[in-house]
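Before any comments, here is the structure.
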Amino acid sequence: MKFFIDTANLAQIKEAQDLGVLDGVTTNPSLMAKEGIKGQENILKHYVDICNIVTGDVSAEVISTDFDGMVKEGEALAKLHPRIVVKVPMIKDGVKAIKYFTEQGIKTNCTLVFSAGQALLAAKAGASYVSPFIGRLDDVSTDGLTLIEDIRIIYDNYGYETEILAASVRHPMHIIECAKIGADVITAPLSAIAALLKHPLTDSGLAQFLADAKK
Ligand code: G3P
């Protein structure tokens, strides 16, 4: 399973990259705003800065909601760096744009996916990644992990190559459950990835080994 980090924070991206387990980055307009990145020029430069830290795919989201606008924005994003993946919302013009980008050889990430039907459409349009938001489904008392299971079955039934990128991952158990179900990718905050490291028996066991080594 691939690990992506879901942030636009350069220090956190670098920390995850240095850990040696990072396969890519996802961003969205909210994450860019959280880092105070404003203005088109700064936003584009920030994407390049991210690409220069990591060795995997970097999702950069369009903010247009019409086909022509998405195509113009997406083509400009794709030109920034070979590892840019154009992130497109699951709306009618978004599906058309994904089809267009696929035909142009531009990788896409279909975002804001909350149902199996939406995931099926994204795959048929040729999306490289589909992003079901599992945490936000959990927030409204709907099991996000069940959606990952359903998409896995559908994609396996027909051999769709679209990778299931579990998004809105909030904690380490989300990551573990996604790995059991067979999500291709998870994107998570650094805190959730780092939490996988932790076990109190590891800490107490190491403390004992170090104490015994001194004897
Ligand atoms: O990858 C999508 C993600 O950024 C949304 O996460 O926690 O805002 O639901 P969250």
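Annotations for the structure displayed:
- Residues that are within 16 Å of the ligand (Cβ to nearest atom), more than 21 Å from Ser64 (Cα to Cα) and of a type in the set (Gly, Ala, Ser) were ranked within segment 1-24; the one that is nearest to the chain's Cα centre (by Cα) is Gly24.
- Those helices (runs of 4 or more DSSP H) of segment 25-90 in which 1 or more residues are within 16 Å of the ligand (Cβ to nearest atom) occupy 29-34, 40-53.
- Qualifying residue in segment 95-103 (condition: under 18 Å from Ser168 (Cβ atoms) and either within 16 Å of the ligand (Cβ to nearest atom) or among the hydroxyl-bearing types (Ser, Thr, Tyr) (or both)): no
- In segment 104-147, of all residues being within 14 Å of the ligand (Cβ to nearest atom), of a type in the set (A, V, I, L, M, F, W, C) and touching an Asp or Glu at 6+ places or on another chain (Cβ under 8 Å), the one that is farthest from Val185 (Cα to Cα) corresponds to Leu137.
- Candidate set from segment 175-206 (those that are of a type outside the set (A, V, I, L, M) and within 21 Å of Ser128 (Cβ to Cβ)); member that is surrounded by the fewest Cβ atoms within 10 Å (Cβ to Cβ): Gly182
- Segment 156-212, subset part of a loop (DSSP other than H, G, I, E, B) and of a type in the set (A, V, I, L, M), residue farthest from Lys14 (Cα to Cα): Ala183
- Where Ala119 falls short, out of the listed (1) surrounded by fewer than 17 Cβ atoms within 10 Å (Cβ to Cβ); (2) farther than 26 Å from Val21 by Cα: (1)
- Filtered by the rule that a residue be in a strand (DSSP E or B) and surrounded by fewer than 19 Cβ atoms within 10 Å (Cβ to Cβ), segment 126-140 gives a lone residue, Phe133.
- Flag if Thr55 is among the polar types (S, T, N, Q) and at pLDDT below 95: yes
- Residue match in segment 141-159 (condition: buried (at least 19 other Cβ atoms within 10 Å of the Cβ) and at positive phi): no
- Residues that are under 21 Å from Thr108 (Cβ atoms) and either β-branched (Val, Ile, Thr) or within 13 Å of the ligand (Cβ to nearest atom) (or both) within segment 153-177 comprise Ile154, Thr162, Ile164, Leu165, Ala166, Ala167, Ser168, Val169, listed in sequence order.
- If you check Lys2, Lys45, Lys38 for being under 23 Å from Cys178 (Cβ atoms) and of a type in the set (D, E, K, R), only one passes: Lys2.
- Considering residues of segment 59-77 that are hydrophobic (A, V, I, L, M, F, W, C) and surrounded by 19 or more Cβ atoms within 10 Å (Cβ to Cβ) only, the residue farthest from the chain's Cα centre (by Cα): Val71
- Cβ-Cβ under 8 Å pairs, at least 6 apart or on other chains, segment 113-142 side of a type in the set (Lys, Arg), far side within 16 Å of the ligand (Cβ to nearest atom): Arg136/Phe114; Arg136/Gly144; Arg136/Ser168
- Being within 18 Å of Thr26 (Cα to Cα) and in a helix (DSSP H, G or I) is a property that holds for Ile98.
The values are calculated or read from the model by the stated rules, or taken from the named source; none is laboratory data. Model, not experiment: these values are computed from the prediction. Glycine gets a Cβ as well: all are built from the backbone with ideal geometry, and neighbour counts include every protein chain shown.
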